[in-house]
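**Student:** There's a structure below that I have some questions on.
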């Protein structure tokens, strides 16, 4: 499962590239990916804030900011139900998948 499109973090609209997988070791769904470069999100991380809420459509999930990459993007991870709507699964037709 994956999602590429708009999302919200702390009142800022960003573009994300996310994917996820079922982890048999702990029996939970792990998802994560990259937030395209955004100075406000990078500043959140640099100021020490790692725990955030990621909003996609009407779904809000707790997430963790990991690091800023050399291009200014930010790695984000989460555990549990993914933040993207089920209609954004592969093969679905949705505006959320357009880039």
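**Student:** Of everything in segment 51-61 that's touching a helix residue (DSSP H, G or I) at 6+ places or on another chain (Cβ under 9 Å) and surrounded by 18 or more Cβ atoms within 10 Å (Cβ to Cβ), which residue is farthest from residue 16 (Cα to Cα)?
**Tutor:** Among those that are touching a helix residue (DSSP H, G or I) at 6+ places or on another chain (Cβ under 9 Å) and surrounded by 18 or more Cβ atoms within 10 Å (Cβ to Cβ), it is 52.
**Student:** Would you be able to tell me the number of residues in segment 35-50 that are under 13 Å from the mean Cα position of the chain (by Cα) and buried (at least 18 other Cβ atoms within 10 Å of the Cβ)?
**Tutor:** Result for segment 35-50: 2.
**Student:** OK, next. Of the numbered conditions (1) under 18 Å from residue 85 (Cβ atoms); (2) in contact with a helix residue (DSSP H, G or I) (Cβ under 6 Å, 6 or more places away or on another chain), residue 15 fails exactly one; give the number of that condition.
**Tutor:** (2)
Yes/no matrix, rows are residues, columns are (1) modelled with pLDDT of 95 or more; (2) at negative phi; (3) in contact with a helix residue (DSSP H, G or I) (Cβ under 9 Å, 6 or more places away or on another chain):
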position: 47; (1), (2), (3): no, yes, no
position: 64; (1), (2), (3): yes, yes, no
position: 70; (1), (2), (3): no, yes, no
position: 74; (1), (2), (3): yes, yes, yes
position: 86; (1), (2), (3): no, yes, no
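**Student:** Taking the criterion of being in contact (Cβ under 8 Å) with a residue 40 or more places away in the chain, over 18 Å from residue 1 (Cα atoms) and in contact with a strand residue (DSSP E or B) (Cβ under 8 Å, 6 or more places away or on another chain), would at least one residue in segment 27-45 satisfy it?
**Tutor:** Among the residues of segment 27-45, not one is in contact (Cβ under 8 Å) with a residue 40 or more places away in the chain, over 18 Å from residue 1 (Cα atoms) and in contact with a strand residue (DSSP E or B) (Cβ under 8 Å, 6 or more places away or on another chain), which makes the answer no.
**Student:** Now for a separate question. Looking for something surrounded by 12 or more Cβ atoms within 10 Å (Cβ to Cβ), outside any strand (DSSP E or B) and touching a strand residue (DSSP E or B) at 6+ places or on another chain (Cβ under 9 Å) - is there at least one such residue anywhere in segment 16-23? Before you say what the answer is, go through the steps one by one.
**Tutor:** Residues of segment 16-23 surrounded by 12 or more Cβ atoms within 10 Å (Cβ to Cβ): 16-20.
Applying the additional criterion that residues be outside any strand (DSSP E or B) yields none.
No, there is no match, as no residue in segment 16-23 is surrounded by 12 or more Cβ atoms within 10 Å (Cβ to Cβ), outside any strand (DSSP E or B) and touching a strand residue (DSSP E or B) at 6+ places or on another chain (Cβ under 9 Å).
The values are calculated or read from the model by the stated rules, or taken from the named source; none is laboratory data. Keep in mind that what you see is a predicted model, and the values were worked out from it rather than measured. FYI the Cβ positions are ideal-geometry reconstructions off the backbone, even for glycines, and counts take in every protein chain you see.
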